[in-house]
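Q: I am attaching a structure below and will ask some questions about it afterwards.
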Amino acid sequence: MTLAIRTESLTKHYGEVKALIDLSLEVRMGEVFGFLGPNGSGKTTMIRTVLDLIRPTEGRAEILGMDTHEEAVEIRNHIGYVPGDLAMYPNLTGRDTLTYFANLRGGVDWSYVDELAERLSVDLDVKVGNYSSGNRQKVGIIQAFMNRPQVLVMDEPSTGLDPLVQREFQKMMREVAADGRCVFLSSHTLSEVQRVADRVGIIRHGRLVDVESVHDLRSKAIRRVELFFDTDIDASIFEAVAGVREAKANQTSIVLSFDGHMDQLLKTATDHYHLVDITSQEADLEEIFLTYYRDED
């Protein structure tokens with residue numbers, strides 16, 4: 001299967017600053033891939049290097065099996081891109097701006113453009129200089145989607161969008177993946193990535209530290225589990241269960257910090273006591289994400 005994006009030991013140095021270090025990654029067709037990291041972690045450098053906007057110090061990259069430097073022109077026919085520092089001519093209307101991009105691509109389906117504008121609630125007949133930041137961002141999103149690209153690369157695309165428009169935009173990204181195409185979504189908006197991404201990559205100080213499905217990442221995270229029984233309990237019984245980080249008993253109930261398999265925990269509970277009730281608060285992506293950014297000794 002042709003991969004949407006593939007990098008091999010991608011490295012970028014700015015003098016003594018190591019912005020990207022030995023990054024190897026495979027992004028599949030038919031998925032929304034979330035690329036997570038705070039400002040300065042290397043997300044934008046990675047995107048610009050993959051798109052051949054800047055040259056890597058070492059390593060290489062492919063999009064749809066094509067070398068991103070040797071076949072850069074051909075690749076442009078198959079991708080859509082929303083940059084993090086979106087800039088447009090202020091005296092052109094939104095429609096004029098999209099016409100400019102459409103001509104560069106050899107034409108687009110304007111009925112589809114109008115459909116996108118309606119879904120994102122933007123008036124394309126207003127001058128760009130009179131748009132709010134959110135409406136400028138909407139035009140940027142439309143120009144990336146309008147030629148139905150095989151691979152969409154977006155750097156912080158939700159900046160300035162109100163919550164209702166964000167929800168519609170998330171639906172648009174899922175539709176791209178359902179169509180067998182790919183979305184590469186760089187973001188620090190964790191709630192958005194959690195809703196739409198199939199897999200996520202986490203970058204820290206220029207290094208890719210983990211790639212996981214959202215489901216697997218959350219299943220491995222520490223959860224808060226509270227068990228209720230009909231008699232007083234001994235916390236030490238639960239402290240011996242694999243995955244229990246902390247156990248605080250309060251007569252007939254116990255609160256656990258837990259990152260193991262629930263079946264083992266429930267077996268221990270039911271083997272020793274009569275379990276009356278259980279509550280489990282699943283960790284969200286933000287809590288998981290922060291664990292990768294706590295500096296170690």
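The values are calculated or read from the model by the stated rules, or taken from the named source; none is laboratory data. All figures in this text were calculated on a predicted structure; none of them were measured in a lab. Positions of Cβ are generated from backbone atoms using ideal geometry, with glycine treated the same way; all protein chains shown enter the neighbour counts. Note: areas computed on protein heavy atoms with side chains; ligands, DNA, RNA excluded. Shrake-Rupley method; radii C 1.70, N 1.55, O 1.52, S 1.80 Å.
Q: Would you kindly calculate the translational diffusion coefficient of the chain, applying Stokes-Einstein with the Kirkwood radius from alpha carbon pairs, for 4 °C and a viscosity of 1.567 mPa s, and quote it in µm² s⁻¹ without decimals?
A: Stokes-Einstein gives a translational diffusion coefficient of 60 µm²/s.
Q: FRET efficiency for ASN130 and ALA240, Cβ-Cβ distance as r, R0 = 45 Å, nearest 0.05?
A: Using R0 = 45 Å, I get an efficiency of 0.10.
Q: Binning at 10 angstrom from zero up to the longest distance, how are the C-alpha pair distances of the range 121-202 distributed in percent?
A: In order of increasing distance, the bins hold 16, 52, 27, 4 percent.
Q: Cut-off 10 angstrom, C-alpha nodes, Gaussian network model of the chain. Which of VAL17, VAL153, VAL225 fluctuates the most?
A: Between VAL17, VAL153, VAL225, it is VAL17 that shows the largest mean-square fluctuation.
Q: Full extension from ARG224 to LYS248: what is 0.36 nm times the residue separation minus their Cα-Cα distance, to one decimal in nm?
A: This chain segment gains 7.5 nm when fully extended.
Q: Calculate, in nm to one decimal, what ALA72 and TRP110 gain on full extension: separation in residues at 0.36 nm each, minus their alpha carbon distance.
A: Length gained between ALA72 and TRP110: 11.1 nm.
Q: Ignoring any ligand, DNA or RNA, what whole percent of the accessible area of the chain comes from carbon and sulfur when the probe is 1.4 angstrom?
A: Ligands and nucleic acids excluded, carbon and sulfur give 46 percent.
Q: Still on this structure, please answer the following. In whole Hz and in residue order, list the ³J(HN,Hα) couplings for the range 77-93 that follow from phi through the Karplus curve 6.51 cos²θ - 1.76 cosθ + 1.60, θ = phi - 60°; x for Gly and Pro.
A: Karplus-based 3J(HN,Hα) across the range 77-93 equals 6, 10, 10, x, 9, 10, x, x, 10, 4, 9, 9, 5, x, 8, 8, 6 Hz.
Q: Enter the accessible area per residue of the range 147-246 (Å², integer; probe 1.4 Å; all protein chains in place).
A: Spelled out: the 1.4 Å probe surface of the range 147-246, per residue, equals 44 Å².
Q: By a straight-distance test (C-alpha under 21 Å), which lysines pair with LYS267 as possible cross-link partners, with residues fewer than eight away in the same chain excluded?
A: The reachable lysines, counting only those whose Cα sits under 21 Å from LYS267, are LYS220, LYS248.
Q: Can I ask one more? Starting from the exponent 0.38 and prefactor 2.2 Å, build the expected Rg for the range 185-227 from its residue count and divide its actual Cα Rg by it.
A: Here the answer is 1.32, to two decimals.
Q: With +1 on each Lys and Arg Cβ and -1 on each Asp and Glu Cβ, and nothing else charged, work out how big the dipole of the chain is about its Cα centre, in Debye to the nearest 20.
A: For this selection, approximately 860 debye.
Q: Using only Cα atoms, locate the centre of the range 96-113 and the centre of the range 193-217, then give the distance between them in Å, rounded to an integer.
A: Between the Cα centres of the range 96-113 and the range 193-217 lies a distance of 33 Å.
Q: Taking 0.36 nm per residue of separation and subtracting the Cα-Cα distance, what length does fully extending TYR89 through SER280 add?
A: Stretched fully, the TYR89-SER280 segment lengthens by 63.6 nm.
Q: What list of ³J(HN,Hα) couplings, whole Hz, do you get for the range 99-114 from phi and the Karplus terms 6.51, -1.76, 1.60, once you set θ to phi - 60° and write x for glycine and proline?
A: 4, 4, 5, 5, 5, 4, 9, x, x, 9, 7, 6, 5, 6, 4, 5
Q: As I understand it, the dipole of the range 10-77 uses +1 on the Cβ of Lys and Arg and -1 on the Cβ of Asp and Glu, about the Cα centre. Which of GLY40, LEU51, MET66 lies farthest toward its positive end?
A: Going by the charge dipole, the pick is GLY40.
Q: Helix-only estimate, please: 222 nm mean residue ellipticity of the chain, summing -39500 (n - 2.57) across DSSP H runs of length 4 or more and dividing by its residues, to the nearest 500.
A: The per-residue figure over the chain is -9500 deg cm²/dmol.
Q: Would you mind checking LYS43/LYS138; LYS138/LYS171; LYS18/LYS43; LYS127/LYS171 for any pair whose Cα atoms are more than 23 angstrom apart?
A: LYS127/LYS171
Q: Which far-off residues, 5 or more places away or on another chain, put their amide H under 5 Å from the one on VAL209, with H placed in the peptide plane?
A: Close amide H contacts, sequence-distant or interchain: ILE202, ILE203, ARG204.
Q: Quick one: what are the phi-derived ³J(HN,Hα) couplings along the range 265-281, Karplus 6.51/-1.76/1.60 with θ = phi - 60°, whole Hz, x for glycine and proline?
A: Those phi angles translate into 5, 5, 5, 4, 4, 7, 6, 9, 9, 8, 7, 9, 7, 8, 10, 9, 9 Hz.
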